[in-house]
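Okay, structure first, notes after.
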Amino acid sequence: MHPPTDPAIAPTVAVVVPAHRASDELRRCLAGLQHCAPEPDELVVVVDGADPATVALARGFAGEVVTLDVAGGPARARNAGVAATDTDLVFFVDSDVVVPPTAIAQLRARFAAEPGVDALIGSYDADPPAPGLVSQYKNLLNHHTHQTARTEAATFWGACGAVRRTAFDGVGGFDETYTRPCVEDIELGYRLRDAGYRIRVDKDLQVTHLKQWTPRSMIRADVLDRAVPWSELLLTGRGFHDDLNISRSQRAKTVLATTGLACALLGLRWRPPRRVALGSVAALVVADLPLLRFFARARGVGFAAGAAPWHWLSYVYSAGAFATVLARLRLGARFRR
């Protein structure tokens, strides 16, 4: 399963960046990769949709630019990028991410020292530059989630994730039926684990996420690009892992949040549900205390108090997405019978 690796020989690394449009984020991403010491052995930018401005920007930084005339999503773009490389490792970096100068050295050292590890994912750092409560909340939440995760991961992460070429080819790469950014990296991780490959979380490999979030873009992405397709994966045979956003504790907090909201609505007319609602909120505060303490340390108590309702709301709409997918699958199965 694992290729023989001489720990004294550092593996070669190709970086693959899928890009859809020219932006300051893409420029900063590629500039950051150029400042890595050592630099990657290969840097490939895949322009999904062959936008001329994006092609021109990419050619100012990358050794190779692959153009796809019709946009087909990051899964297909990443596969095309891998096909254009010839290295031991492939490091996927999103176009709105800036890696630290030590990223390539960290990857080479980790994979050389641990030949039994087939894939590795990093973490967002605790200094997202995008202003505003929602942007800071969302980016810091992702940082905290990976920093407190188990070292042995059950999924992959395309924003900052590296994989041995043998493992990537062994499972057939990304599933190109995902034609927009969603859970294509999670699905790849499930297939890697099912095939016996090991995925590690390297909490020291931290990258800066440049994305600016709004309430609308956050909820839309959380529901349509994460909760719905992830629920479909879970309910069609992938099963539940006690890891990251679907850990047992996260599921328990989802139950508390939805119960609290339902009882709060009922409490508008009847008094008894109000006590249940208040109890659910108190239980959520206790359950999420490590996260809220992290928010308070990072940005102050006021920020933690402002971020908490957004976080609890995410439990509710994620539960709603899961219930919708479950009902749709059950109804579909009944009609087929």
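The values are calculated or read from the model by the stated rules, or taken from the named source; none is laboratory data. Owing to the predicted nature of the structure, the values given are computational and were not obtained by experimental measurement. So basically every Cβ, Gly included, is an ideal-geometry build from the backbone, and we count neighbours across all protein chains shown.
Look at GLU25 and say whether it is in contact with an Asp or Glu (Cβ under 6 Å, 6 or more places away or on another chain), acidic (Asp, Glu) and either part of a loop (DSSP other than H, G, I, E, B) or in the same structural domain as VAL163 (by TED's automatic domain parsing) (or both). Yes; evaluated as a whole, the condition is true for this residue.
Residues in segment 31-49 that are crowded, with 23+ Cβ neighbours inside 10 Å and either in a strand (DSSP E or B) or of a type in the set (A, V, I, L, M) (or both): LEU33, LEU43, VAL44, VAL45, VAL46, VAL47, ASP48.
Contact map, segment 99-116: first residue under 17 Å from ALA37 (Cα atoms), second residue of a type in the set (Phe, Trp, Tyr) and at pLDDT 95 or above, Cβ cut-off under 8 Å, separation 6 or more or different chains; pairs are ALA103/PHE91; ILE104/PHE91; LEU107/PHE91.
Looking across segment 79-113, the residues that are surrounded by 16 or more Cβ atoms within 10 Å (Cβ to Cβ) and acidic (Asp, Glu) come down to ASP88, ASP94, ASP96.
Once segment 93-135 is narrowed to residues that are touching a helix residue (DSSP H, G or I) at 6+ places or on another chain (Cβ under 6 Å) and polar (S, T, N, Q), the residue that is farthest from ASP24 (Cα to Cα) is SER123.
Kindly check whether there is at least one residue in segment 185-194 that is surrounded by 21 or more Cβ atoms within 10 Å (Cβ to Cβ) and acidic (Asp, Glu). Yes; the residues of segment 185-194 include at least one that is surrounded by 21 or more Cβ atoms within 10 Å (Cβ to Cβ) and acidic (Asp, Glu). Of the residues making up segment 203-239, those that are out of contact with any helix residue (DSSP H, G or I) (no Cβ under 6 Å at 6 or more places or on another chain), at pLDDT 95 or above, buried (at least 19 other Cβ atoms within 10 Å of the Cβ) and not hydroxyl-bearing (Ser, Thr, Tyr) are GLN206, VAL207, LYS211.
Would you confirm, using the coordinates I've provided, whether ARG27 is farther than 21 Å from VAL90 by Cβ, modelled with pLDDT of 95 or more and of a type outside the set (A, V, I, L, M, F, W, C)? Judged against the criteria, ARG27 is a match. Going through (1) surrounded by 21 or more Cβ atoms within 10 Å (Cβ to Cβ); (2) closer than 17 Å to HIS209 by Cβ one by one, ALA167 falls short only on (2).
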